[in-house]
Amino acid sequence: MRPKKHETTMSGDLFRARLDQIINMKHELVQLAGRIDWAWLDGEIAPLYSDKGRPGIESRFVIGLLLLKHIYGLSDEGVCERWVHDPYFQHFTGYEFFQHEFPHERSDLSHWRKRLGDKLDLLLAESLRVAHQSGALRTKDLARVTVDTTVQPKNITFPTDAKLLHAAIKGLNRLARRHGVRLRQSYIRVAQRAAMMAGRYAHAKQFNRHRRQLRLLRIRLGRLIRDIRRKTAGHPIEAAFDGALARAVQIRSQQQRQRGWKLYSFHAPEVECIGKGKARTPWEFGVKVSIVATNARAPGGQFVLHAAALPGNPYDGHTLRTVIEDTERLTGREIERAYVDKGYRGHDAPNPRRVFISGQRRAVFGAIKRELRRRSAIEPVIGHMKAEGHLDRCYLKGQAGDAANAALSAVGYNFRRILAWLRILLRLILAHLIASFATNPVLNPAS
C-alpha cells in the first residue's frame, strides 16, 4: 500500500523537540531538502506500490537515506546509526520531531534498491534539476560533454586458483547444509589446510609443492561434486544445486593462464577481469562503468549527466551510441559535441562528426581545440566518485547491484557539488550583509 504520513498525537508532541527549533535552518542540508521535489519523486515511484497489504514506508524517508548514504560515503549500517543522533539527517528525511530510535529496519534499504531498479535514474535527473535551479548548472553546459569509462571493482579478493577451489568447496557445503543433504565427507578442514599451504609454497617459490596442493583441492572438489549429484538426482532440490554445481565445475576445470572466459568469484559470477593499462593495477575485477560529465566547468563545478554499468566488458566504442541516447533522454537536451579518449576509435555514435577523439588533428581548431584539451578533466571527477563515494568498491549483489551502485554514486557526487555550491552562496550572502553593515556611519555618542 501507499505510505502514510508520520502520525503523532498532540499529547506526545507536547514534550518533544521540534527539529526546526534545534537546527540551523540555513544549513546546506536544510536548503537542499527544500529544493528537492519530493512529491514528484513520490508520484514517479507510485506504480511500484501495491494496493494490498500494510502501508509501506514513506518514500521520502528511504530515498532520503539513500541520498545521504552516497553523499557522505556511508554504509547502510553507518547511515542508519548516524540518523539517530544527527537532527539534520532526520529533517532531510521528512521528520518534524527529533527521534531517539531508528524507526525501521536496516534491510529496508536493500529492499528499496531492488524495488527502484531502473528508476534510480530519476534521482540523477532530480540532482541535475536541483543544480540547474540553484544556478550551479547552466543549460548550455548540457550540450557539450565528455564520455569515459572506468572499472567499478567488486568486493572480492584476488582470485588465485587455491582461493577459488577452497571457496567452491565451502560454498557447496553451505548449500548442502541449507537443503539438508547429508554428504559423505565435507573436506572442509582438508581444503582449508591445502589452500593455506598452497599460498605458502607459492610465496616460497616451491611450485612443485604448490601444484601438489592445487591437485589435492581439485580432487576433493571433484569428489564433492559427484557426491552431491548422486544424492540430489531425481529429487525436487536438484534445481537448487544447478547453478552452484556449474560454477564449481568451471572453477575445477579452468587453468591459470587459459584463454577465454573464466570465473573469478564463486559467490559473484558476474565479475569480469578488465585491464585498463594502469601501472599500479594492471587488472581490475569488477564491471565496466560509463561516465558522462559536462565538458566545461559549470558555476558549481563539473556534474555527472549519466552513469551506467556495462556488463560483459564491451568495447568502449560500441557503447557510445547507447550512452549518448540515454544521456539526451535524461537531460532533455541534444548533445552537440562529445569528447572521448582513444579507446572510442571506431565508435557507433549517431553523429560521428560531432564526436572528437583525443589526439586527433583533423577538424580541431578554436573552441573545439580548447574543449578537447578539457577532456582529461573527467578523470578527477571519476577519482572523486571513487574516493568520496562508493564507485571504488561495490558491495551490492549481482548485476542489479552493480547498476544501482554506479547510478547512486553519480547521484551522490552531484549532490555533493550542490551542497558545496549552497555553502558558497551562503558565504557570499553573509559577506554582503557584513559589508553593508560596515558601510553604515557610526552614530555619535550622546553628550
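The values are calculated or read from the model by the stated rules, or taken from the named source; none is laboratory data. Worth saying up front: this structure is predicted, and the values here are computed from it rather than measured. When we count neighbours, we look across all protein chains shown, and the Cβ atoms used for this are built from the backbone with ideal geometry, even at glycine. Accessible surface areas use protein heavy atoms only, side chains included; no ligands, DNA or RNA. Shrake-Rupley method; radii C 1.70, N 1.55, O 1.52, S 1.80 Å.
Cβ-Cβ under 9 Å, sequence separation 6+ or interchain: first residue in segment 281-299 and open to solvent by less than 20 Å² (accessible area, probe 1.4 Å), partner in a loop (DSSP other than H, G, I, E, B) and of a type in the set (F, W, Y). Which pairs? If the second residue must be in a loop (DSSP other than H, G, I, E, B) and of a type in the set (F, W, Y), the pairs left are A293/F303; T294/F303. Here segment 64-95 is the region considered, the condition is being over 20 Å from the mean Cα position of the chain (by Cα) and among the acidic types (D, E), and the residue that is most open to solvent (accessible area, probe 1.4 Å) is E81. May I ask you to list the residues in segment 117-139 that are assigned to a helix (DSSP H, G or I) and among the basic types (K, R)? K119, R129, listed by residue number. One residue alone among I429, I434, I418 is in a helix (DSSP H, G or I) and touching a residue at least 24 places away in the same chain (Cβ under 8 Å), and that residue is I418. Residue count for segment 17-43, restricted to those that are under 23 Å from the mean Cα position of the chain (by Cα) and either farther than 21 Å from E126 by Cβ or at pLDDT below 90 (or both): 0.
Just name the residue that is most open to solvent (accessible area, probe 1.4 Å) out of those in segment 246-277 that are touching a strand residue (DSSP E or B) at 6+ places or on another chain (Cβ under 8 Å) and either among the hydrophobic types (A, V, I, L, M, F, W, C) or closer than 27 Å to R182 by Cβ (or both). Break it down stepwise before answering.
The initial filter retains those residues of segment 246-277 that are touching a strand residue (DSSP E or B) at 6+ places or on another chain (Cβ under 8 Å), namely 262, 264-265, 268, 270-276.
Right, trim to either among the hydrophobic types (A, V, I, L, M, F, W, C) or closer than 27 Å to R182 by Cβ (or both) and you get 268, 271, 273-274.
Working: A268: 4, V271: 6, C273: 39, I274: 4 Å².
Per the criteria, the residue is C273.
Residue by residue through segment 230-245, note down the ones that are without any contact (Cβ under 8 Å) to a residue 60 or more places away in the chain and surrounded by 13 or more Cβ atoms within 10 Å (Cβ to Cβ). Steps first, answer last, please.
Here is the first cut: in segment 230-245, the ones without any contact (Cβ under 8 Å) to a residue 60 or more places away in the chain are 230-239, 242-243.
Within segment 230-245, K231, T232, I237, E238 meet the criteria.
Residue count for segment 96-116, restricted to those that are open to solvent by less than 60 Å² (accessible area, probe 1.4 Å), in contact with a helix residue (DSSP H, G or I) (Cβ under 8 Å, 6 or more places away or on another chain) and in a helix (DSSP H, G or I): 6. Within segment 53-103, the set of residues being in contact (Cβ under 8 Å) with a residue 60 or more places away in the chain and charged (D, E, K, R) comprises K69, E96.
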